Amino acid sequence: MVASILSVAHTVGYPTLVLLVLAESAGVPVPGETGLITAAVLAAQHRLEILLVIALAAGAAILGDNLGYLIGRKGGRWLLQRPGPFARQRAHVLETGEPFFARHGPKAVFLGRWILGLRTWASWLAGASRMPWRSFALWNAAGGIGWAATVGLAASFAGRSAAGTLTLLGVAGLLGALALPAAVIGRRRSRQRGPPGSGERREPPADPEAPAPA
């Protein structure tokens, strides 16, 4: 049973990771970063290899971003400028995004990997705003590698720490479960024996009507 679970995690985990990260980077709102975190936690449990997880996530992020850039470059302006629902909002995105990427394109592409929302649409906006592909490719590769490494290693470390914490809690709970009955039995026996010194002989209480000694 355990071997079959490990086999499924090994064969399905890597393709699922690549598909999620690739789709999110290309502009599809799917939980790509959640897939990376899950794969890194599985690697902390020795079901996957953390170095392969980081490498696949970085490659999928870079490839997906380049696909998103190409889509934005070829049809992004048409999608943003075409009439229809939310035409004013879409035009405003292009009006503000184009000069923003002209001034801060490398920063937005690099840091956008760690920002929810911008991680999904940064490549589209970069392509639609005509950001030079060489600059985009350079900073996109740096951001993809840095994002996969930092998020993957952090999630793997957190998974190992959580496993160690659960182990310590389990040991502490076992010791507590063993110590509780012994403490209860000892307390009952001490009550049956009475307080300390109860076996010593005591003088009878003085009669209040007896005459006081001379």
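The values are calculated or read from the model by the stated rules, or taken from the named source; none is laboratory data. Values in this document were obtained by computation on a predicted structure and should not be read as measured data. Note: ideal-geometry Cβ built from the backbone for every residue, glycine included; neighbour counts use all protein chains shown.
Of the residues examined, ALA60 is not one that is within 18 Å of the chain's Cα centre (by Cα), in a helix (DSSP H, G or I) and under 19 Å from LEU20 (Cα atoms).
Among the residues of region 65-118, the ones that are in contact with a helix residue (DSSP H, G or I) (Cβ under 9 Å, 6 or more places away or on another chain), modelled with pLDDT under 85 and aliphatic (A, V, I, L, M) come to 8 in all.
Considering only region 96-128, how many residues are among the polar types (S, T, N, Q), touching a residue at least 24 places away in the same chain (Cβ under 8 Å) and surrounded by fewer than 24 Cβ atoms within 10 Å (Cβ to Cβ)? Walk me through it before giving the result.
Taking region 96-128 as the starting set, the residues that turn out to be among the polar types (S, T, N, Q) are 96, 120, 123.
Okay, now just the ones that are also touching a residue at least 24 places away in the same chain (Cβ under 8 Å), so 120, 123.
Still in the running and surrounded by fewer than 24 Cβ atoms within 10 Å (Cβ to Cβ): 120.
Of the residues in that region, 1 qualify.
Kindly establish whether ILE54 is at pLDDT 80 or above, aliphatic (A, V, I, L, M), buried (at least 16 other Cβ atoms within 10 Å of the Cβ) and under 22 Å from the mean Cα position of the chain (by Cα). So ILE54 passes the test. Does ALA60 count as under 15 Å from TYR14 (Cβ atoms), among the small types (Gly, Ala, Ser) and crowded, with 19+ Cβ neighbours inside 10 Å? Judged against the criteria, ALA60 is a match.
Residue check: is GLN89 without any contact (Cβ under 8 Å) to a residue 24 or more places away in the chain, surrounded by fewer than 14 Cβ atoms within 10 Å (Cβ to Cβ) and touching a Lys or Arg at 6+ places or on another chain (Cβ under 9 Å)? So GLN89 fails the test. Is it the case that some residue within region 3-21 is assigned to a helix (DSSP H, G or I), under 14 Å from GLY144 (Cβ atoms), more than 19 Å from the chain's Cα centre (by Cα) and at pLDDT 90 or above? Within region 3-21, none of the residues are assigned to a helix (DSSP H, G or I), under 14 Å from GLY144 (Cβ atoms), more than 19 Å from the chain's Cα centre (by Cα) and at pLDDT 90 or above. Taking the conditions (1) over 15 Å from ALA137 (Cβ atoms); (2) part of a helix (DSSP H, G or I); (3) of a type in the set (A, V, I, L, M); (4) within 32 Å of the chain's Cα centre (by Cα) in turn, LEU80 satisfies each one other than (4).
Restricting attention to region 17-43, the residues that are more than 23 Å from ILE115 (Cβ to Cβ) and surrounded by fewer than 19 Cβ atoms within 10 Å (Cβ to Cβ) add up to 0.
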